[in-house]
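Let me begin by presenting the structure, written as structure tokens, before commenting on it.
The values are calculated or read from the model by the stated rules, or taken from the named source; none is laboratory data. Nothing here was measured: the structure is a model prediction, and the numbers come from that model. Glycine also receives a Cβ, built like all others from the backbone with ideal geometry; neighbour counts cover every protein chain displayed.
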Amino acid sequence: MLVAQGNLADALKSFRDSLAIRDRLAKADPDNAGWQRDLALGYGKVATLLVKYDRDEPARTAFDAGRTIMQRLVGLSPDNATWRNDLAWFDRQITELEPNAAE
């Protein structure tokens, strides 16, 4: 809702707070694939908002963190279409941040 209202600063704070909670849960149970995916998607939300702020470098770092998690999950279960789609989404976002992507 904060994003829709144009309140990007508060939205970013909210996303980061949520990411911190997801990070604690994922660290508490590293074998819980659901929590790992939630953490990856949390990185994706933060990164997407950072792109709106034209902060591509921190966005790239967040996208990379989420991608790393999804890559590990896909490695554990290569037949999981949802995880493969998530990984492909991260790949697209990272590609779009490349300097030559707009050309």
query: Would you pick out the residues in region 57-67 that are closer than 15 Å to Ala40 by Cα and either surrounded by fewer than 13 Cβ atoms within 10 Å (Cβ to Cβ) or among the basic types (Lys, Arg) (or both)?
result: Arg60, Arg67
message: Contact list please: Cβ distance under 8 Å, first residue in region 8-34 and within 17 Å of Ala62 (Cβ to Cβ), second residue modelled with pLDDT of 95 or more and surrounded by fewer than 17 Cβ atoms within 10 Å (Cβ to Cβ), pairs at least six apart or on different chains.
response: Ala26/Asn32
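Of everything in region 82-94, what is loosely packed, with under 15 Cβ neighbours inside 10 Å and either among the aliphatic types (A, V, I, L, M) or not in a helix (DSSP H, G or I) (or both)? Give them in sequence order. Break it down into steps so the answer makes sense when it comes.
Here is the first cut: in region 82-94, the residues loosely packed, with under 15 Cβ neighbours inside 10 Å are 82, 85, 88, 91-92.
Within region 82-94, Ala88 is the sole residue that qualifies.
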field: Residues that are touching a residue at least 40 places away in the same chain (Cβ under 8 Å), in a helix (DSSP H, G or I) and over 22 Å from Leu97 (Cα atoms), drawn from region 38-81
entry: Leu73, Leu76
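For residues in region 1-20 being closer than 21 Å to Phe90 by Cβ and not polar (S, T, N, Q), which is modelled with the lowest pLDDT? Break it down into steps so the answer makes sense when it comes.
Filtering region 1-20 for residues closer than 21 Å to Phe90 by Cβ gives 3, 11-12, 15-16, 18-20.
Pick out the ones that are also not polar (S, T, N, Q) and you get 3, 11-12, 15-16, 19-20.
Working: Val3: 67, Ala11: 87, Leu12: 88, Phe15: 89, Arg16: 91, Leu19: 94, Ala20: 95.
Filtering region 1-20 for residues that are closer than 21 Å to Phe90 by Cβ and not polar (S, T, N, Q), the one modelled with the lowest pLDDT comes out as Val3.
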